[in-house]
Amino acid sequence: MRVIAIANQKGGCGKTTSAVNLSAALAFFGYKVLLVDLDPQAHATLGLNISRDITIYDVLSKISKYKASLKQIVVPVAANFDLAPSNILLSTIEQELSDEISREARLMDALSELDSDYDFCFIDCPPNLGLLTINAIRAASEVIVPVEASRFAVEGVKKIIEIIDLIKERLAHPVKYKVLVTMFDSRLRHSFGVLDSINDVFKNKLFETMIHLNVKLKEAQSKGLPVISHDKYSRGAKDYLNLAREVTKDDKQKPTVIKEGALEAVMRAELPKFKEVAFGFLAPYAKDVYIVGDFNSWTKSNESRMDRDNNGRGMWSINLPLLTGSYRYKFIVDDAWVEDPANPTKEKNPFGGIDSLINVEIG
């Protein structure tokens, strides 16, 4: 079982949203997933419309009258997706365990009984660096640090990384971490400036996937649903499905529920919902041409590199599967950002420039 803590001491960074929706996306692909709500505010529990008297507090506490094991408190949320709920009593645990030996390993010990029951366990941490967050990092082998595209984002991430490094050193417990950009608004110039700062600091510690601002994420939360259950064709669902693919791309284990070959069948069933769109750009003397836009978070990567034809004309091309909707895009030709000369439909962007615009309809 891969245990992954989702942590940032700063509130409002999309931590719980990411915990819930990444869990649901992996469950959709057939992985057995447990989400542990370790936040006394119980946002994941409340956000999934779960109400239980016996919670994670009763697993970690030594004085609870409802003393329980983790297996006894687990609540099914959806197919392949279970929750270990929380409540406000969890806020007392730090004081309660202040004199306990190995208090930082309470959650790790509790999770050991479920090691063979799930493929993934995500831990939604509280927005602070106290005992509960230390328990989560101690129990985990990986940490995802969500960070919103705002001015003070980088400094907040540095604090949680200091704790991760401290746990590595003091407890001889190796933990990997990656940073996830959330609540990204591609309409604002400021967002791209912050993204550049995050890229400069974290470089190869950054997920390629970014989570964009999307009203469907808020709608789903208000209905007590993961976004994939509310609208699986929304931008929010697409972002978390992409993140799930990225989390598992180097994972050799197969999903517990959907065995080898069946995961590909599920993905093929979704492919008719996408339309293959061909893009081309004539640049005979270019060394590289990339396409970036709303469909790939404006990210220059191997997946966005266009292929050059072999007939000497210098035409670069790429086919992209896109959902219904409007997308702004540009080409990067040897580091120069240019519009699509073959597309007369254009739109002003927040930077004072012009983007090409394509409307995708699936009939």
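The values are calculated or read from the model by the stated rules, or taken from the named source; none is laboratory data. Bear in mind that the values here come from a model prediction, so they are computed numbers and not experimental data. All Cβ positions, glycine included, derive from the backbone under ideal geometry; neighbour counts span all protein chains shown.
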(request) Starting from residues that are more than 18 Å from residue 224 (Cα to Cα) and in a loop (DSSP other than H, G, I, E, B), keep the ones in region 41-56 and report whichever is modelled with the lowest pLDDT. (result) 53
(message) Looking only at residues that are over 20 Å from the mean Cα position of the chain (by Cα), among the aliphatic types (A, V, I, L, M) and assigned to a helix (DSSP H, G or I) in region 127-158, which one is surrounded by the most Cβ atoms within 10 Å (Cβ to Cβ)?
(response) 132
(message) Consider region 207-249. How many of its residues are over 18 Å from residue 16 (Cα atoms), buried (at least 18 other Cβ atoms within 10 Å of the Cβ) and at pLDDT 90 or above?
(response) 1
(request) Output the strands (runs of 3 or more DSSP E) that fall wholly within region 267-349 and possess 1 or more residues being touching a helix residue (DSSP H, G or I) at 6+ places or on another chain (Cβ under 8 Å) and surrounded by 12 or more Cβ atoms within 10 Å (Cβ to Cβ), or say none. (result) 289-293, 315-322, 325-333
(message) I'd like to check something: does region 76-84 contain any residue that is in a strand (DSSP E or B), among the β-branched types (Val, Ile, Thr), in the same structural domain as residue 141 (by TED's automatic domain parsing) and under 26 Å from the mean Cα position of the chain (by Cα)?
(response) yes
(request) From 91, 112, grab the single residue that is farther than 16 Å from residue 15 by Cβ, touching a Pro at 6+ places or on another chain (Cβ under 6 Å) and part of a helix (DSSP H, G or I). (result) 91
(request) Filter region 159-202 down to residues that are under 24 Å from residue 122 (Cα atoms), in a helix (DSSP H, G or I) and among the charged types (D, E, K, R), then give me how many there are. (result) 6
(request) For region 167-193, enumerate the residues that are at pLDDT 80 or above, buried (at least 16 other Cβ atoms within 10 Å of the Cβ) and of a type outside the set (Phe, Trp, Tyr). (result) 167, 173, 175, 178, 179, 180, 181, 182, 183
(request) Name every residue in region 128-159 that is in contact (Cβ under 8 Å) with a residue 40 or more places away in the chain and closer than 16 Å to residue 104 by Cβ, in order of residue number. (result) 128, 129, 132, 133, 135, 136, 137, 139, 140, 141, 143
(request) Report, ordered by the first and then the second residue, all pairs with beta carbons closer than 9 Å, sequence separation of six or more or different chains, a first member in region 200-220 that is assigned by TED's automatic domain parsing to the domain that holds residue 327, and a second member that is crowded, with 18+ Cβ neighbours inside 10 Å. (result) none
(message) Every residue in region 350-363 that is farther than 24 Å from residue 237 by Cβ and either in contact with a helix residue (DSSP H, G or I) (Cβ under 8 Å, 6 or more places away or on another chain) or hydroxyl-bearing (Ser, Thr, Tyr) (or both), please.
(response) 350, 351, 356
(message) Condition check: part of a helix (DSSP H, G or I) and not basic (Lys, Arg). Does residue 26 satisfy that?
(response) yes
(request) Identify the residue in region 272-306 that is among the aromatic types (Phe, Trp, Tyr) and within 26 Å of residue 185 (Cβ to Cβ) and, among all such residues, is modelled with the lowest pLDDT. (result) 274
(request) Being under 25 Å from the mean Cα position of the chain (by Cα) and closer than 21 Å to residue 99 by Cα is the filter; apply it to region 32-75 and report the residue that is surrounded by the fewest Cβ atoms within 10 Å (Cβ to Cβ). (result) 40
(request) Considering (1) at pLDDT 95 or above; (2) more than 20 Å from residue 116 (Cα to Cα); (3) not basic (Lys, Arg), say which one residue 24 fails and leave the rest. (result) (2)
(request) Can you tell me which residue within region 350-363, out of those that are among the aliphatic types (A, V, I, L, M) and either touching a Leu at 6+ places or on another chain (Cβ under 6 Å) or part of a strand (DSSP E or B) (or both), is modelled with the lowest pLDDT? (result) 360
